[in-house]
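Working notes, beginning with the structure itself.
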Amino acid sequence: MTEARLQLAELIELVEDRTHRVTSTFLNYHTPTEAARRELLDFLAALDTALTACDTP
């Protein structure tokens, strides 16, 4: 679970940093607008929260 959370944190950082926009086909396709990028970030944050809850005894 820890590895998944670390990878998720890296993905969130990538999505937040718009300088990666040109180099990421996935992000270009799925986040063509600022609203789409925000929606993806919200989803990733919710996923992180769920993983944290699962990882907590």
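The values are calculated or read from the model by the stated rules, or taken from the named source; none is laboratory data. Here the structure is a predicted model, which means the values were calculated and not measured. Quick reminder, even Gly has a Cβ in these numbers, built from the backbone with ideal geometry, and neighbours come from all protein chains shown.
Suppose we filter region 27-57 for residues that are within 25 Å of Met1 (Cα to Cα) and β-branched (Val, Ile, Thr); how many remain?
Going through region 27-57 one residue at a time, the tally reaches 3.
Return a yes/no flag: does region 44-52 have any residue that is of a type outside the set (Phe, Trp, Tyr), modelled with pLDDT under 90, surrounded by 10 or more Cβ atoms within 10 Å (Cβ to Cβ) and part of a helix (DSSP H, G or I).
yes
Within region 35-51, can you find the residues that are of a type outside the set (Lys, Arg) and within 16 Å of Leu14 (Cβ to Cβ)?
Those that are of a type outside the set (Lys, Arg) and within 16 Å of Leu14 (Cβ to Cβ): Ala36, Glu39, Leu40, Leu41, Asp42, Phe43, Leu44, Ala45, Leu47, Asp48.
Restricting attention to region 14-37, and to residues there that are modelled with pLDDT of 85 or more and in a helix (DSSP H, G or I), which single residue is nearest to Thr49 (Cα to Cα)?
Result: Arg37.
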